[in-house]
Amino acid sequence: MPLFVNGLTLNYPSNNAQYQWYNYNTPIPGANTNFYTVTSTGCYWLKAWNPNFPACDAYTDSVCFEFTGIEELTYDFNISPNPANEFVTISGWENSTAAITYQVWKTDGKKVAAGEIKNKTEFTLNCTSWTAGIYILEINSGNKVIRRKVVVN
């Protein structure tokens, strides 16, 4: 059976049957039309059949998609003071019940701080034990990440 791919949309060129889309061997709930828009990594295929002809089921070949990379956060945040001496406050994103993690790296790749931020729109890092220099603050939320430079005097 031919299966047409247009971006992330899969289309079977018939509407005279009943349909079930699969990701690998798992039926996709509610995916029972002659087209499907892919939303995650996987190998997708379609079973089409006519209930009046039970011995005539048709199957498409699989079409595989792999989503890679890290989506950049669409929101920004503030770092102050920057440059910092003892403490640096990070603020400015929407309050969320989703876990947001942070990591702070020296430019030589050494991690100097890490943690989780939950139900907050602001947090403060104690940087008194950090040597003077440039650091990279990384904020992660799911598969989204944003990085900013922090300078410590």
### Task
Six or more apart or on different chains, Cβ under 8 Å: which pairs go from a residue in the range 133-153 that's assigned by TED's automatic domain parsing to the domain that holds Gly92 and modelled with pLDDT under 85 to one that's outside any strand (DSSP E or B) and among the acidic types (Asp, Glu)? Could you list them?
Ile146/Asp76
### Task
Report, by residue number, each residue of the range 36-58 that is under 24 Å from the mean Cα position of the chain (by Cα) and within 19 Å of Asn11 (Cβ to Cβ).
Tyr36, Thr37, Val38, Thr39, Ser40, Gly42, Cys43, Tyr44, Trp45
### Task
Scan the range 1-23 for residues that are under 12 Å from Val63 (Cβ atoms) and hydroxyl-bearing (Ser, Thr, Tyr) and jot them down.
Thr9, Tyr12, Tyr22
### Task
For the range 109-138, enumerate the residues that are assigned to a strand (DSSP E or B) and among the hydroxyl-bearing types (Ser, Thr, Tyr).
Thr124, Tyr135
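For (1) in a strand (DSSP E or B); (2) modelled with pLDDT under 90; (3) among the β-branched types (Val, Ile, Thr), each residue gets a yes or a no:
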position: Asn16; (1), (2), (3): no, yes, no
position: Gln20; (1), (2), (3): yes, no, no
position: Pro29; (1), (2), (3): no, no, no
position: Asn32; (1), (2), (3): no, no, no
position: Tyr36; (1), (2), (3): yes, no, no
position: Cys43; (1), (2), (3): yes, no, no
position: Ala48; (1), (2), (3): yes, no, no
position: Pro51; (1), (2), (3): no, yes, no
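The values are calculated or read from the model by the stated rules, or taken from the named source; none is laboratory data. As the structure is a prediction and not an experimental result, all values here were calculated from the model. Note that each Cβ is placed from the backbone with ideal geometry, even for glycine, and that neighbours are counted across all protein chains shown.
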